[in-house]
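> Quick one: this structure, given as structure tokens, is what I'll be asking you about.
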Amino acid sequence: MDQSFLEHFENLIDQMVDYEHYSREKMLIVLRDTARYFHLTRVETEFYKNATDEKDGIGEITRDFDEGPADKVALHKRLVSKSGAIIAGTAYMAQDTEPLDEKQLRRLDLCLRSMLALLSRNRMQNAIEQLAYHDMDGYPNFPYYYRYLERLNENGGFKDQIAMMFNIRQFSIINRDLGPAAGDKIMHGYFDAINEMIGDKGCVCHVGGDNFAAIFSAELLEPMKKAMNGLPVKYSGNDQVMVSACAGVFIIPPDFVFNRPADIAEMIFPACQAAKLEKDGRIVYANKKIVEEKENTSRVRRYFENALEKQDFQAYYQPKVDVQNGKLIGAEALCRWIKNGEVVPPAQFIPVLEQNTDICKLDFYILEQVCKNIHRWLSEGRNVVRISVNLSRKHLLNPNLLEDIVRIIDRNKVPYKYIEIELTESTTEADFKKMQRLVDGLQEIGISTAVDDFGTGYSSLRLVRELPWKVIKIDRSLLPGENENKKMSTLVFSHIAALAKDMGIECITEGVETAEQIELLRSNDCPFAQGFFYDKPLPLEEFEKRLDIGKY
Ligand code: C2E
Ligand code: MG
Ligand code: MG
């Protein structure tokens, strides 16, 4: 008899200490054996989050053992955890069963309490798990995704798997138009639909905001693409909206080496970012280029301050020429990063610096460099022309922008007529107002302003109508190209040049490469050109030679 009790108790303890392999099924077997040993007919456990819930009867009651009439209570045990949660257990017997003697009762007490402790620990673990791996609404979160990837790696790997990050398109508009409550419903509805599609062939997680990460087997790619293109989602009664998403997709190759979950995140995250930026782009496939771009971004961020200190940024100067007489009439300062003797073009670092306000530091640095050179040229008695400097739109955040520009020019004692500020159009109304103030202010003190890239979609007619620009720079994309309707593009070009002329705004065309294009400018009243036809952007000493000649 004693021997057999010890066996049961041992089993129970075994279960308690085996954290790794705890399973509810095994636990139920131990419970059944123990209950039979004590001639019990039923064992019930109750779980309440707190005493109030217990009083109100809001909790979970499970009948883990039920093998006969539960006529009388053999033992009832109630434990309160440190956090205030309550777990209780009740063991029942049939009426005609002999009551347990004191010793037996003590043993049952021991068993029941051990069992309750084990159950409550397990519940706790579940709760912690739920908290750590799910968001506030109970949806699996980013840690869940990472853990899923790790487990997948341990159990069979990533063969024929596709990882994907997606972002609901225009979710802010959905939220704005239908309200946040409907927005939440729609987001969850979309998630649920995708979750159902994936089923047990992968997982999808909510990784913050309206972003999601998923991994699934390759056969689901086509349906998933359809879901990204649009799914109807109900949000109230029969009201529904089409929800679509842009996605970064990584088709995991057979030779993929997985060291850590971030290896996958680092592929799908930038691809999804790229998908978001593309105008109609819905799906961008993660590839080497995207990863390289990401690496470039972090490299630029890392080295920027240091490069600025080391004076690795140089202004190159691209001449601006009067097309009628070939006279050098100005130049644009274009930034180059001289890195270990190599010349890095702005496309590789300016977009990165524009993601925060680092670009403003660089622009002022270039303006300062330009001013210093103009000052020197003047003191050397050289023939100086107006130099334009590009200012990023990011500067519009600076309430003292005008003063800051003027301070740099003044401290280098440069007459205002030698400086021109190039700006591209702002996208919002607030920016438009700020730009208006800046252009007005510069115009008032005689610093000329140019609207850059005119005609690229970033410049509108309103911009030239309402702001006192000195110069319009027609973008090279408006020059008639080889493979297009020359007649139409020539027409557009000539009208823009005429518009500038009629408004009394100086007009220059950028990116002029051929004699034919120069002829087009001449015959259409666009007096100035900048482009490879005359020169590429030149390093300082080269440009100084052009300054001295002054003519093409
Ligand atoms: P952007 O201000 O429109 O400058 C004109 C760009 O066209 C320059 O590219 C120039 O090299 C290029 N270009 C000039 N002539 C020709 C031509 O005949 N054919 C072709 N295909 N291209 C020509 P770059 O120097 O690579 O600069 C690109 C852009 O980077 C600039 O466009 C400007 O938006 C930005 N950028 C350059 N330097 C600065 C800077 O110091 N500050 C800021 N904020 N932006 C800068
Ligand atoms: Mg420019
Ligand atoms: Mg331009």
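The values are calculated or read from the model by the stated rules, or taken from the named source; none is laboratory data. Small disclaimer: the values here were computed from a predicted structure and weren't measured. So basically every Cβ, Gly included, is an ideal-geometry build from the backbone, and we count neighbours across all protein chains shown. Just so you know, the surface numbers come from the protein's heavy atoms only, side chains and all, with ligands and any DNA or RNA stripped out. Shrake-Rupley method; radii C 1.70, N 1.55, O 1.52, S 1.80 Å.
> So how much slack lies between Ala94 and Glu403, counting 0.36 nm per residue of separation and subtracting their Cα-Cα distance, in nm?
Gain in length upon complete extension: 102.0 nm.
> For the stretch 249-297, what does the relative contact order come out to in percent, with C-alpha contacts under 8 Å and a separation of six or more?
Normalised by residue count, the contact order of the stretch 249-297 is 42 percent.
> Students often get this wrong: which residues of the stretch 146-165 have the backbone nitrogen under 11 Å from the point 7 angstrom along Cα-to-C-beta of Leu221?
Zone members listed by number: 160-163.
> Multiply the residue separation of Lys339 and Gln130 by 0.36 nm, subtract the distance between their alpha-carbon atoms, and state the gained length in nm to one decimal.
70.3 nm
> Could you work out the relative contact order of the stretch 55-145? I mean the mean sequence separation of Cα pairs under 8 Å and 6+ apart, divided by the number of residues, in percent.
Reported relative contact order: 20 percent.
> Carbon-plus-sulfur fraction of the accessible area of the stretch 376-514, 1.4 Å probe, in percent?
That share works out to 51 percent.
> Per residue, what volume in Å³ does the Cα convex hull of the stretch 1-113 take up?
115 Å³
> Dipole size in debye (nearest 20) for the chain around its Cα centre, Lys and Arg Cβ +1, Asp and Glu Cβ -1?
1600 debye
> If Lys and Arg each add +1 and Asp and Glu each add -1, what is the summed charge of the other residues whose beta carbon sits under 12 Å from the beta carbon of Gln273?
-1
> Could you derive backbone 3J(HN,Hα) for the stretch 514-519 from the dihedral phi with the Karplus parameters 6.51, -1.76 and 1.60 (θ = phi - 60°), listing whole Hz in sequence and x where the residue is Gly or Pro?
These are the phi-based 3J(HN,Hα) values: 10, 4, 4, 5, 4, 4 Hz.
> Place a point 7 Å from the Cα of Lys159 along the Cα-to-Cβ direction; which residues of the stretch 190-219 have their backbone N under 14 Å from it?
Only 218 pass the distance filter.
> Name the residues of the stretch 392-424 whose amide N is less than 18 Å from a point 7 angstrom out from the Cα of Asn356 along the C-beta direction?
It comes to 392-398, nothing else.
> Mind checking the per residue accessible area of the chain for me, 1.4 Å probe, whole number of Å²?
Per-residue accessible area for the chain comes out at 53 Å².
> Quick one, what does Rg over Rh come out to for the stretch 444-545 if you take C-alpha atoms and the Kirkwood Rh?
Result: Rg/Rh = 0.99.
> Let me make sure I get this right: for the stretch 190-295, a, b and c are the square roots of the gyration tensor eigenvalues over alpha carbons, sorted descending. Under 1.5 in a/c it's rounded, otherwise prolate if a/b > b/c, else oblate. Which is it?
The shape class here is prolate.
> Apply 1/(1 + (r/R0)^6) to the Cβ-Cβ distance of Ser379 and Asp255, taking R0 = 56 Å, and write down the FRET efficiency to the nearest 0.05.
Taking R0 as 56 Å, the efficiency between Ser379 and Asp255 is 0.35.
> Between Asn485 and Lys545, what's the calculated FRET efficiency when r is the beta-carbon distance and R0 is 60 Å? Round to 0.05.
FRET efficiency, Asn485 to Lys545: 0.90.
> Show the residues, 5+ positions off or on another chain, whose built amide H is closer than 5 Å to the amide H of Thr509.
Residues meeting the amide H criterion: Ile474, Phe528, Ala529, Gln530.
> Taking the Cα atoms only, what angle lies between the long axis of helix 102-133 and the longest principal axis of the chain, rounded to 10 degrees?
Value to nearest ten degrees: 10.
> Here is a further query. Take the solvent-accessible surface of the protein heavy atoms, probe 1.4 Å, and return the percent of it on the stretch 1-133 that carbon and sulfur atoms account for.
About 52 percent, which is the carbon plus sulfur part of the accessible surface.
> Starting from the Cα gyration tensor of the stretch 312-546, take the square roots of the eigenvalues, sort them a ≥ b ≥ c, and report rounded, prolate or oblate (rounded when a/c is under 1.5, otherwise prolate if a/b is larger than b/c, else oblate).
Because its axes are fairly even, with a/c under 1.5, the stretch 312-546 counts as rounded.
> While we're on this one: Using packing as a proxy for protection, rank 212-224, 45-57 so that the peptide with the highest average count of other Cβ atoms within 10 Å comes first.
Highest to lowest by the protection proxy: 212-224, 45-57.
> In whole percent, how big is the carbon plus sulfur part of the accessible area of the stretch 142-286, probe 1.4 Å, protein atoms only?
Of the solvent-accessible surface of the stretch 142-286, carbon and sulfur hold 50 percent.
> Just to confirm the filter: which trypsin sites (Lys or Arg not before Pro) across the stretch 234-288 are DSSP coil and have at most 10 other Cβ within 10 angstrom of their Cβ?
Filter output for the stretch 234-288: Lys279.
> So if each residue of separation counts as 0.36 nm, and I subtract the Cα-Cα distance between Glu10 and Asp239, what length gain in nm does that give?
76.5 nm
> Can I ask one more? Arrange the peptides 240-249, 76-85, 310-319 so that the one whose residues have, on average, the most other Cβ atoms within 10 Å appears first.
Listed from highest to lowest mean packing, they are 240-249, 310-319, 76-85.
> Another question, then. At a threshold of 8 angstrom on Cα-Cα distance, excluding pairs fewer than six apart, so keeping six or more, what relative contact order does the stretch 312-546 reach in percent?
Contact order relative to length: 21 percent.
> Explain nothing, just compute: Karplus ³J(HN,Hα) = 6.51 cos²θ - 1.76 cosθ + 1.60, θ = phi - 60°, for every residue of the stretch 393-400 in order, whole Hz, x for Gly and Pro.
4, 4, 5, 5, 6, 8, x, 9
> Shifting gears a bit: List, in order, the whole-Hz ³J(HN,Hα) value for each residue of the stretch 362-375 obtained from phi through the Karplus relation with A = 6.51, B = -1.76, C = 1.60 and θ = phi - 60°; use x for Gly and Pro.
5, 4, 5, 4, 5, 4, 4, 4, 4, 4, 4, 5, 4, 4
> Okay, moving on. Considering the dipole of the chain built from charges on the beta carbon (Lys and Arg +1, Asp and Glu -1) around the Cα centre, which of Met16, Phe250, Leu110 is farthest to its positive end?
Value: Phe250.
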